[in-house]
Amino acid sequence: MPDSLFLAAASSHAMSPLVYLTLILALGVLAQWLAWKFKMPSILLLLAFGFALGQWTGVRIDDYLAAGSGHSSPLLSAVGLFVAIILFEGGLTLKFNELKVSGLPILRLCTIAVAISMAATTYFMWKVLGYDVRLAALTGAILTVTGPTVIAPLLRHVNPTRKMASIVKWEGIVVDPIGAVLAVVVFKTALSADTDAAWVASSIAIGKMLLVGVLGGYLLGKIIEWLLRHHLIPDYLQPVFLLAVVAVAFTGSNQIEKEAGLVTVTVLGIALANQRSVSVRHILEFKENLRTLIISSLFIVLSGRIGIEDLNNSLGKGLALLAFLIIVGRPLSVFGSLIGSKRTNRNERIFLAFLAPRGIVAAAVASIFALEFEAAAESGMYFGDQASTIATQSNELVALIFLVIIGTVAVYGLTASPLARFLGLASKNSTGILFAGADDWTRLAAKALHDDGHRVMLLDTNYYNVSSAKMLGLDAHRANILSEFAEEELDFNGLGSLIAGTPNDEVNSIATQRFIHQFGRAGVWQLAAVDRDKHHKTAAADDVRSQTCFTGAPNHSALQQLVAAGAVIKKSNITDIFTLEDFHLTYKDQSPVILFIVDENGGLRPCPAKPKKIAPGSTLYVLVTESSDPESDSSEQASRTTTA
């Protein structure tokens, strides 16, 4: 940020701008880490940290920025640009193949549900809370949005079925520019002298947005695709090049028509995501990291701007509006729009009816148009006798919307995960195993896990392996682990780890790298490579491999030979009495390979090649050769599975 933006008055504050910005970054990362560690919605912690920072220091970001109002405010301009980046990144995740199953529900939620939500909220604000009908309509338009800033972290926390994730993701990204367009239409209508003039102004505004946003975003996407396909942008420059393009597209579109920039960048992201000639995966990974940083910083900065007095003044109306939106508004719009829909069942509609958190877009659009309404009212040129009332109510609007943001994030953040599990749309324990490969040893291991209630999925291109797995009752698919189908269309709900166990070590290494974004580095495993002990000139580099699974680090050939020799899967419980040392003594003549560990809480994980410690209360899944002396131990339970 240019030094000229920082006021000399900042020196009067106890905290320097550098310290304040450092705290924003540090608290944002800390909140994200705590949310991951304790499995909480990160947005709740970000809001709490931001509010606490503002109250504890008594400092707001505005204190360090040059004065400005409306669109000239540096903070609001920065927020708008950051929202554009987030929407572009969200657009990069929207694939048209997701619409095969979810297209009709998404269309209804982005049209009929938006209309119902806006109408219901407008009526409530007007008739119940006593707001001027023009401000009530503006609030109704703003609160139709949900947004990727809150939806993405919640989906990561809830981990629902792929179908539900697709619907919620599409709705959250697409309705953001729709809500902004509606806010512009309401504003232009409110300033028009008569109905005919209002219709003309609104029609022109919508036409400009569609022309600039949809057509401009699509053409810009085609230009970028051409540049990338002909290698006219060097690889190292592509992420920042697109970042600059997004900024220029957003700003340029807004200069032509207010809020058209959000439409442009969303369409641009969707266009790039669905072209086939060049890969944008590396750009998406860069943008995902940038999104995390932006979301963390924005929520802390914006929540720090709200004082206790602001919240107290709007508390009663804010709580009433929040209750209406959660209990009446959202369920009415979802059930009303999806009535008669055959693409969603009752449980899916219930889940959608109770998931609509508001985020940064609502805060940003509310801030901009509240200032616009207030300025118009104070000018004396608009609203007549109602000008004074509208000016006062406009001043209240930002705090009111922020209360809704806090409330919806808190309520949906705490209830979405248990509700999804209750409705059968999310797994209670996402520790299942995705197997790349369905050979004999894989089917043996997967069958043992499946019989004990653990979710497993097997992918293989060999028809015999897949059909054999299906005959055992396993969830198996004839697909390449490296295919787009595997990443984008399979439902990984309930799965927490990947074991790349194909005969091809290079395929295993690539698969684990591609699925890091899905399971994290701690959740991707591969069999030991044949060349792991070879000279560094002939062995693959360590940084292209992931964790090696199973004790003794057996490779694919070794596991296949054990199964061919009649090895079976047995379970053994580790206790304070029957320790790991006792286990090794029991199986010392049977070449035991510990495959999986189930902790005392039921969490399943692959066993590392060299486990450091196995806690008492754990259950081991062990591959052992048959013993001529069937020794039995009270703590051991054996389960035999057969291959097809």
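If a/c stays under 1.5 just call it rounded; otherwise compare a/b with b/c (prolate if a/b is bigger, oblate if not). Do that for region 348-497, with a ≥ b ≥ c from the square roots of the Cα gyration tensor eigenvalues. Can you show the working numbers first?
Numbers: a/c = 5.60, a/b = 3.37, b/c = 1.66.
Prolate is the answer for region 348-497, as a/c is 1.5 or above and a/b outweighs b/c.
Using 0.36 nm per residue, how much length does the chain from VAL544 to ASN504 gain when fully extended, once their Cα-Cα distance is taken away? Provide the component values of the computation, followed by the final result.
Numbers: separation 40, 0.36 × 40 = 14.40 nm, distance 1.41 nm.
So the extension gain works out to 13.0 nm.
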(request) When a/c is below 1.5 the answer is rounded, else prolate if a/b is larger than b/c, else oblate, so apply that to region 155-260 with a ≥ b ≥ c taken from the square roots of the Cα gyration tensor eigenvalues. (result) oblate
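With a Förster radius of 22 Å, plug the Cβ-Cβ distance of TYR123 and ALA320 into 1/(1 + (r/R0)^6) and report the FRET value to the nearest 0.05. Don't jump to the answer; show the numbers that get you there.
Details: r = 13 Å, r/R0 = 0.61.
Here the calculated transfer efficiency is 0.95.
Counting only DSSP beta bridges with both residues in the chain, what percent are antiparallel, rounded to the nearest 5? Mind dumping the intermediate values first?
Values: 19 of 36 bridges.
Around 55 percent of the beta bridges assigned by DSSP in the chain are antiparallel ones.
Might you report the magnitude of the Cβ-based charge dipole of region 114-222 about its Cα centre, with Lys and Arg at +1 and Asp and Glu at -1, to the nearest 20 debye? Please report the intermediate quantities before stating the final value.
Working: 9 positive and 5 negative charges, 99 e Å.
It comes to approximately 480 debye.
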(message) Order 542-550, 474-482 from most to least packed using the mean count of other Cβ atoms within 10 Å.
(response) 474-482, 542-550
(request) Would you calculate a helix-derived [θ] at 222 nm for the chain, using -39,500 (n - 2.57) for each DSSP H run of n ≥ 4 and dividing by the full residue count, to the nearest 500? (result) -18000 deg cm²/dmol
(request) Compare the Cα positions of THR121, GLY172, ALA190 along the charge dipole of region 112-193 (+1 at Cβ of Lys, Arg; -1 at Cβ of Asp, Glu; about the Cα centre) and return the one farthest towards the positive end. (result) GLY172
(message) Taking the solvent-accessible surface of protein heavy atoms with a 1.4 Å probe, what is the per residue accessible area of region 139-181 in Å²?
(response) 18
(message) Placing unit charges on C-beta atoms (Lys and Arg positive, Asp and Glu negative, everything else neutral), compute the dipole magnitude of the chain about its Cα centre in debye, rounded to 20.
(response) 920
(request) Find how many whole Å separate the alpha carbon centroid of region 210-283 from the alpha carbon centroid of region 289-358. (result) 29
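Give the accessible surface of region 427-513 per residue, rounded to a whole number of Å², with probe radius 1.4 Å and ligands, DNA and RNA excluded. Could the numbers behind the result be given before it?
Values: 3230 Å² over 87 residues.
Per-residue accessible area for region 427-513 comes out at 37 Å².
Could you order ARG156, ARG358, ARG229 by accessible surface area, starting with the largest, using a probe radius of 1.4 Å?
On the way: ARG156 140, ARG358 10, ARG229 100 Å².
Correct descending sequence by accessible area is ARG156, ARG229, ARG358.
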(request) Compare the Cα positions of VAL593, GLY437, LEU27 along the charge dipole of the chain (+1 at Cβ of Lys, Arg; -1 at Cβ of Asp, Glu; about the Cα centre) and return the one farthest towards the positive end. (result) GLY437
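When the accessible area of the chain is split by element with a 1.4 Å probe, what percent falls to carbon and sulfur? If you can, show how the numbers build up before the last one.
On the way: 16960 of 28270 Å².
That share works out to 60 percent.
For TRP226 and ASP531, what does the FRET efficiency come to when R0 = 30 Å and r is the distance between their Cβ atoms, rounded to the nearest 0.05? Don't skip to the answer; put the middle values down first.
On the way: r = 41 Å, r/R0 = 1.36.
Step by step, r from the Cβ atoms, then E = 0.15.
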(request) List the residues whose amide H sits under 5 Å from the amide H of ALA500, counting only those 5 or more places along or on another chain, with H placed 1.01 Å from N in the peptide plane. (result) ALA436, TRP525, GLN526, LEU527
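Under the classification rounded if a/c is under 1.5, otherwise prolate if a/b is larger than b/c and oblate if not, where does the chain fall, given a ≥ b ≥ c as square roots of the Cα gyration tensor eigenvalues?
Details: a/c = 2.11, a/b = 2.06, b/c = 1.02.
Taking the square roots of the gyration eigenvalues as a ≥ b ≥ c, the chain is prolate.
The values are calculated or read from the model by the stated rules, or taken from the named source; none is laboratory data. These numbers come from a predicted model, not from an experiment. Note that we place each Cβ from the backbone using ideal geometry, even for glycine, and neighbour counts take in every protein chain shown. Remember, those area values only see protein heavy atoms, side chains included, never the ligands or the DNA or RNA. Shrake-Rupley method; radii C 1.70, N 1.55, O 1.52, S 1.80 Å.
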